[in-house]
1. Hand me the list of helices (runs of 4 or more DSSP H) wholly inside segment B:7-83 holding 1 or more residues that are under 17 Å from residue B:141 (Cβ atoms) and under 18 Å from the mean Cα position of the chain (by Cα).
2. Looking at A:96, A:120, A:84 in this structure, which one is more than 8 Å from chain B (Cβ to nearest Cβ) and under 24 Å from the mean Cα position of the chain (by Cα)?
3. Name the one entry in A:52, A:69 that is more than 10 Å from chain B (Cβ to nearest Cβ), crowded, with 16+ Cβ neighbours inside 10 Å and closer than 27 Å to residue B:5 by Cβ.
4. Just for segment A:72-81: of the residues that are more than 7 Å from chain B (Cβ to nearest Cβ) and touching a residue at least 40 places away in the same chain (Cβ under 8 Å), which one is nearest to residue A:123 (Cα to Cα)?
5. In the list B:208, B:220, B:227, B:177, which residue meets the criterion of being modelled with pLDDT of 95 or more, surrounded by 14 or more Cβ atoms within 10 Å (Cβ to Cβ) and either more than 16 Å from the chain's Cα centre (by Cα) or within 14 Å of chain A (Cβ to nearest Cβ) (or both)?
6. Step by step: first the residues of segment B:1-32, then only those that are in contact (Cβ under 8 Å) with a residue 40 or more places away in the chain and farther than 23 Å from residue B:73 by Cβ, then the one that is farthest from the other protein chains (Cβ to nearest Cβ). Which residue is that?
7. Out of the residues in segment A:123-132 meeting the condition of being within 12 Å of another protein chain (Cβ to nearest Cβ) and out of contact with any strand residue (DSSP E or B) (no Cβ under 6 Å at 6 or more places or on another chain), tell me which one is farthest from residue A:104 (Cα to Cα).
8. So which of B:127, B:91, B:61 is under 27 Å from residue A:86 (Cα atoms) and in contact with a helix residue (DSSP H, G or I) (Cβ under 9 Å, 6 or more places away or on another chain)?
């Protein structure tokens, strides 16, 4: 595997004795989009705040760019852009002034403001007070602010929360372009798998403070392998025949549900059934959606 | 810290903070203009020996309460710029030491209130001249009553700013500040070592002045230091 940009070791945060984040080991590689998933209150935001040095871990360590966050916080933060939950903006200022307030602290050239506004598509509205912006525009301004310091890593907490579908699409396209066009590694959190699966290469799922899954999105997809459902005239007889041929399956609501799904098997099944004079009404593929799998993982968790 | 301060100066645009800084001294001067305007004959007879001294005395009475109210409102409004839309998490995730953020807010308050003090000095002199007290005004005395009560109020600025910056709900710091402002009207009754007595003492005779200003600056610096250390360590929600 390539080098880790972010690596946490047994990261814990407790509030009044309750562990909000419980021994989390995040591993994020350079150039990927890492989807950080979990239901509300699972510890995503707490973890992200610890990555940004906003709150101190109760236990465990955070290493970013191979350096200890505790010891070289400012050095690390210089290379990170962040957007934590709801957008932060000074409503009485225009978009340009908002960015200027941050630019003065970051000390980057003034030309960056026009560049980042261009990147997020807000050039037209640059001179308007931000309080008149739609939520989607505010969120894009937030991403512009995060990009201002030309970061190597972007940390976005729930960037699509509360947006309408077109707003979600805009933000998603923006995030997808980051590694390709700017070489930026992205950590994006969400409570919806469907939002993340279309952009993330790796996902980490957190539940009640614990990491319950961390792997590539393909690996997650493989776990959601489908089954084949066959509707026939005499299901019981047909199932017996198929079991005798070595297929594995069972009866579900008067239909045959079969586990193995490659094309050849399906062809052999249909052929066998037809040869034995069963009428085959329907052959359907039933895929467990990623969302169902996600809910299942989140529901089961590492507990019980 | 210069960079943070320059950013803060930008953020308070159109927030009415400059207006507030101007309205304090304007209020004091306008009140005394009214006082001397209505009772001109009586007051000029009363202060016939030292017309400027009389005016300065009257101005000085209003300075402590105005300074404390100003300290309260300015520190709360400055903190509110960040509280209002949860900007702390964005600001403090930037590569800048938290102590610099804290110090910049303090410096911004000092600048705004310093402008108020300078305007008060200018307005006092202008009022005296307009009342026909002549051009030979006692500049040092005017500067003293304009600036020294503010220096004596620094412990309150440090404390209220620290509270305003760390607590989201501004009710407590504003209530405490305004209460202090009102009580300062009766500060003459307090023993000299009580910080609340200092703003009034600082506008008075030299005996109490040294304690008030020295104590104000020292205690202010101490509270600022403790506040900065706490601000550096606290978790940001």
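The values are calculated or read from the model by the stated rules, or taken from the named source; none is laboratory data. These numbers were taken from a predicted model, which means no experiment stands behind them. Counting neighbours? That spans all protein chains shown, and the Cβs are built from the backbone with ideal geometry, glycine included.
1. Per the criteria, B:17-38, B:51-83.
2. Working: A:96 fails: under 24 Å from the mean Cα position of the chain (by Cα); A:84 fails: more than 8 Å from chain B (Cβ to nearest Cβ).
Exactly one of A:96, A:120, A:84 is more than 8 Å from chain B (Cβ to nearest Cβ) and under 24 Å from the mean Cα position of the chain (by Cα), namely A:120.
3. When all the criteria are applied, what remains is A:69.
4. Taking the candidates together, the pick is A:81.
5. B:227
6. Among residues in segment B:1-32 that are in contact (Cβ under 8 Å) with a residue 40 or more places away in the chain and farther than 23 Å from residue B:73 by Cβ, the one farthest from the other protein chains (Cβ to nearest Cβ) is B:1.
7. Selected residue: A:131.
8. Only one candidate passes the filter, namely B:91.
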